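K.L.:
Okay, here's the structure, questions in a sec.
FYI, it's all coordinate maths here, none of it is from the lab. Predicted model only: the values in this text are computed from it and were never measured. Here the Cβ is made from the backbone with ideal geometry for all residues, glycine too, and neighbour counts use every protein chain on show.
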Amino acid sequence: MSGLEQLYQQIILDHSKHPHGVGLEAGDETSHQRNPVCGDEITLALRWDATGERVTGIAWEGSGCSISQASASLLSTLAKESTDDGWSWTPDEFTALIHEFREALRSRGTIPLDEETFGDAAALSGVSKFVARVKCAMLAWVAAEDLLQRRA
Amino acid sequence: MTDVLPAAPSTAAPLSAGEIDAVRQRFPILSREVNGHPLTYLDTAATAQKPDVVIEAESAFYRESNAAVHRGAHTLAGEATELYEDARLTVAAFLGVDEHEIVFTSHATEALNLVAYALGTASIGRGAGAAAAEFALGPGDEIVVTELEHHANLIPWQELAARTGATLRFIPVHDHGGLDLDAAASIISERTRVLAITHVSNVTGAVTPLDVLVPLARAAGALVVLDACQSAPHLPLRPRELDVDIAVFSGHNLYGPPGNGVLYGRAALLDALPPFLYGGSMITTVTMEKAEYLPSPQRFEPGTPRIAQAIGLAAAIRFVQEVRMERIAATEHVLGERLLAGLSTVPDVRVLGAGSPEPRVALASIVVDGVHAHDAGQVLDEVGIAARVGHHCAQPLHRRFGVTASLRLSAGLYTTEAELDRAVEAVASIRPFFGLSEGEQS
Ligand SMILES: Cc1ncc(COP(=O)(O)O)c(C=O)c1O
């Protein structure tokens, strides 16, 4: 695979063309993140269970490059899949996951994303070799982190 | 130092392929590879690559003559001061103006801020008495810019308007990307005190019709401030012939080092304007209560200046003078036509401002249908082509074109036709890479 093909794996292209989890509701508490370099924008909300202790889903809207949009879509898919499996994140677990994601993306290709943990989002591993694109991939995750911190 | 071109003819003919090759030999970075491909540097508008003479002039200064300027009596201080002032002479001769009309700043951005702040200071009654009062702005006065300005020639004026109560207005662009000159004729009025415009757009590459706009400003009695960042490296620049009061550019765009900017100001204007930054090296007498200031340019150059950078810029200017700006302009004109012709053959690619009637430099910002500029730029980088993605510090203009970002290809005096052809070919491969067939919307 060429470097470019590693970056733009089919899963990423599919998610950027047909993103999942798009659609915010009036009254959502949202975090708006921007990448001023290329104008990527993501507005994201967390869905909580009835107790308000576990994140059960992620909704978002945005525009920008395929990496930023696919990353938001993959994050939302990851949340949905774990909920469908009967499992959801506590804020601490979700925060740890975001840290792990960030560490891998900043590793310049030395730490791959674990497929067990990240599912299809592991396809974003290729981004870590493209320093200028890490910010694009992080955008949705930073929005989620911002909302978690506001709750803490 | 060997001559740039063996037998530099005095024509204004475009450089031959052999001459471009000789020029390229002088830019060490052009021999490197990126991602296994020879570097194709098409981001000169962001910053130009540096010829060997610039790299050597800067390092020779540190090796042989480093000292503070204007501040000491020892031998090195004298040498450093002489080299720094020689650099000013070189810049002045390059622009056809007097040396005390040249102020060195950190970059064009600082130069534009200097003018805006000095006018703001004059507006609160500071400065050299009646001469400065003439520049005071207040409610009812207007500052005019255009819709295609770089943020550096927009935000300082927004802030000046906010500080003084003056109104900021802008000359809009047509859908085709050219300036609306009919609108300009009514926007520029007797209320206009400052007209601040770019000489060449860093997004469309179009040359501003100064022959239309400057007379309007003159008739209104307005100051004319010219942002020459994207013209100085590509066209002969003669501020007096253009009849502007101020012209600014950054050294790094003109094959010189970053960290150095040039402000040309008409002598009478510079002597009347109050300073911008205050401190050492700009004063005659200081008491605990107040200070008196040196004449221009020293009054605008407080602090220890960017000495090696000014010397590097002078080396860059001597380099382009040897090639001759007329020939650089002619060469890049041919390149620009070839770039536009090539891009026009690629389906589903739009060149921003391509329909404007103005002449242009060899620069094109494109939008590839269905592919974000950042993704498009990645495909070019993969084959060693350096191009700029983003809004190029011109968000209002991108908004006007209905996009948030574009991919910009910009040439320099080392750019070859073959490089542009490669770039066009790479642009044509972008949509297929992302699985989009001709005409298909994503
Ligand atoms: C038209 C224009 N104006 C102003 C600037 C600002 O220059 P600098 O960032 O060097 O201050 C640039 C930058 O390239 C430019 O293209």
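K.L.:
What dipole magnitude, in Debye to the nearest 20, does the stretch B:18-82 give about its Cα centre under +1 on Lys/Arg Cβ and -1 on Asp/Glu Cβ?
P.N.:
The dipole of the stretch B:18-82 has a size of about 140 debye.
K.L.:
Here's a follow-up. How would the stretch A:9-141 be classified by its alpha-carbon gyration tensor: rounded, prolate or oblate, with rounded meaning a/c under 1.5 and the a/b versus b/c comparison settling the rest?
P.N.:
oblate
K.L.:
Here's something else I'd like to know. Partner chain Cβ atoms within 10 Å, averaged over the residues of A:132-145 - can you pull that number for me?
P.N.:
Other-chain Cβ atoms within 10 Å of each residue's Cβ, averaged: 1.
K.L.:
Same structure, new question: Residue-wise, which Karplus ³J(HN,Hα) couplings in Hz belong to the stretch B:326-332, taking 6.51 cos²θ - 1.76 cosθ + 1.60, θ = phi - 60°, and x for glycine or proline?
P.N.:
4, 6, 4, 4, 5, 5, 6
K.L.:
Can you work out the Karplus-derived ³J(HN,Hα) for every residue in the stretch B:152-168? Use 6.51 cos²θ - 1.76 cosθ + 1.60 with θ = phi - 60°, whole Hz, and x for glycine or proline.
P.N.:
Once rounded to whole Hz, the list reads 5, 10, 10, 5, x, 7, 4, 5, 5, 4, 5, 6, 9, x, 6, 10, 9.
K.L.:
Could you sort the peptides B:48-61, B:338-351 by per-residue average Cβ neighbour count (10 Å cutoff), highest mean leading?
P.N.:
B:48-61, B:338-351
K.L.:
Sorted by mean Cβ packing within 10 Å, highest first, what order do the peptides A:103-116, A:49-62, A:139-152 take?
P.N.:
On the way: A:103-116: 14.4, A:49-62: 16.2, A:139-152: 18.6.
Order by mean packing, descending: A:139-152, A:49-62, A:103-116.
K.L.:
Determine, for each peptide in B:223-229, B:246-252, the mean count of other beta carbons within 10 angstrom over its residues, then list the peptides with the highest first.
P.N.:
B:246-252, B:223-229
K.L.:
Which of A:Gly27, A:Gly64, A:Gly86 ends up with the largest GNM mean-square fluctuation for chain A, with Cα atoms connected below 10 Å?
P.N.:
Fluctuation is largest for A:Gly27.
K.L.:
Another question about this same structure. Starting from the alpha-carbon convex hull of the protein assembly as shown, give the projected area averaged over all orientations, in nm².
P.N.:
Values: hull surface 126.6 nm².
Convex hull of Cα atoms, orientation-averaged projection: 31.7 nm².
K.L.:
Taking the alpha-carbon centroid of each part, what is the distance from the stretch B:141-160 to the stretch A:120-140 in angstrom?
P.N.:
37
K.L.:
Please work out whether chain B counts as rounded, prolate or oblate from its C-alpha gyration tensor, where a ≥ b ≥ c are the square roots of the eigenvalues and a/c under 1.5 means rounded, while otherwise a/b larger than b/c means prolate and anything else oblate?
P.N.:
Oblate.
K.L.:
Where is the GNM fluctuation largest for chain B (alpha-carbon springs, 10 angstrom cutoff): B:Thr204, B:Thr105, B:Thr304?
P.N.:
B:Thr304
K.L.:
Further question on the same structure: For chain A, what is the mean residue ellipticity at 222 nm derived from helices alone (per DSSP H run of n ≥ 4: -39500 (n - 2.57); sum divided by total residues; nearest 500 deg cm²/dmol)?
P.N.:
Taken over chain A, the calculation gives -14000 deg cm²/dmol.
K.L.:
Can you pull out the chymotrypsin sites (Phe, Trp or Tyr not before Pro) in the stretch B:252-355 that DSSP calls coil and that have at most 16 other Cβ atoms within 10 Å? Don't jump to the answer; show the numbers that get you there.
P.N.:
Details: sites: B:Tyr255, B:Tyr264, B:Phe276, B:Tyr278, B:Tyr293, B:Phe300, B:Phe319; in loops: B:Tyr255, B:Phe276, B:Tyr278.
Listed in order of number, the matching sites are B:Tyr278.
K.L.:
Follow-up question, since we're still on this one. List the lysines whose Cα lies under 23 Å from the Cα of A:Lys135, skipping any in the same chain that are fewer than 8 positions away.
P.N.:
Once the sequence-local lysines are set aside, what remains near A:Lys135 is A:Lys17.
K.L.:
Moving on. Sum up the charges of everything whose Cβ sits under 14 Å from the Cβ of A:Ile42, counting Lys and Arg as +1 and Asp and Glu as -1, but leave A:Ile42 out.
P.N.:
Working: positive: A:Arg34, A:Lys135; negative: A:Asp28, A:Asp40, A:Glu41, A:Glu61, A:Glu145, A:Asp146.
So the surrounding residues net to -4.
K.L.:
Residues with amide H under 5 Å of B:Val224's amide H, sequence separation 5 or more or different chain, H placed in the peptide plane at 1.01 Å from N; which?
P.N.:
Those lying under 5 Å, H to H, from B:Val224 are B:Leu195, B:Asp245, B:Ile246.
K.L.:
Taking the Cα centre as origin and putting +1 on Lys and Arg beta-carbons and -1 on Asp and Glu beta-carbons, what dipole magnitude results for chain B, to the nearest 20 debye? Could you put the intermediate results ahead of the total?
P.N.:
Details: 31 positive and 52 negative charges, 134 e Å.
Its charge dipole is roughly 640 debye.
K.L.:
Provide a whole-number value for the mean count of partner chain Cβ atoms within 10 Å of the Cβ atoms in peptide B:292-300.
P.N.:
Neighbouring Cβ atoms belonging to other protein chains average 0 per residue here.
K.L.:
Can you list residues from other chains, or at least 5 along the same chain, whose modelled amide H is less than 5 Å from the amide H of B:Ala354?
P.N.:
none
K.L.:
If you take the square roots of the eigenvalues of the alpha-carbon gyration tensor of the stretch B:141-248 and sort them as a ≥ b ≥ c, do you get rounded (a/c under 1.5), prolate (a/b over b/c) or oblate?
P.N.:
Here the stretch B:141-248 falls in the rounded category.
K.L.:
Averaged across the residues of A:40-46, what count of C-beta atoms belonging to other chains lies within 10 Å of each residue's C-beta? List each step's numbers first, then the result.
P.N.:
Details: counts 4, 1, 0, 0, 0, 0, 0.
For peptide A:40-46, the averaged partner shielding equals 1.
K.L.:
Something else about it: So who's got an amide H within less than 5 Å of the one on A:Leu113, skipping anything under 5 residues away but keeping other chains? H placed 1.01 Å off N, in plane.
P.N.:
For A:Leu113, the qualifying residues are A:Ser125.
K.L.:
What residue among B:Asn113, B:Asn260, B:Asn153 has the largest mean-square fluctuation in a Gaussian network model of chain B, using Cα springs under 10 Å?
P.N.:
B:Asn113
K.L.:
Over chain A, calculate the relative contact order: mean separation of alpha carbon pairs under 8 Å at least 6 apart, over the residue count, as a percent.
P.N.:
Reported relative contact order: 28 percent.
K.L.:
Give me the net charge of B:Asp245's neighbourhood, meaning all other residues with Cβ under 11 Å from the Cβ of B:Asp245; Lys, Arg count +1, Asp, Glu -1.
P.N.:
+1
K.L.:
Using Cα pairs closer than 8 Å and at least 6 residues apart in sequence, work out the relative contact order for the stretch B:55-320, in percent.
P.N.:
It rounds to 24 percent for the stretch B:55-320.
K.L.:
Something else now. Tabulate in residue order the Karplus-calculated ³J(HN,Hα) for the stretch A:36-47, using 6.51 cos²θ - 1.76 cosθ + 1.60 with θ = phi - 60°, rounded to whole Hz; enter x for Gly and Pro.
P.N.:
Per residue, the Karplus-derived 3J(HN,Hα) values read x, 4, 10, x, 4, 9, 9, 10, 9, 10, 9, 9 Hz.
K.L.:
Another question, then. I'd like the chymotrypsin sites (Phe, Trp or Tyr not before Pro) in the stretch B:115-171 restricted to DSSP loop residues with at most 12 other Cβ atoms within 10 Å, sorted by number.
P.N.:
Here no chymotrypsin sites (Phe, Trp or Tyr not before Pro) fit, given the DSSP loop and packing criteria.
K.L.:
When the helices in chain B are scored as -39500 (n - 2.57) per DSSP H run of 4 or longer and the sum is shared across all residues, what 222 nm value do you end up with, to the nearest 500 deg cm²/dmol?
P.N.:
On the way: 16 runs with 166 residues, N = 442.
So the helix-based figure for chain B works out to -11000 deg cm²/dmol.
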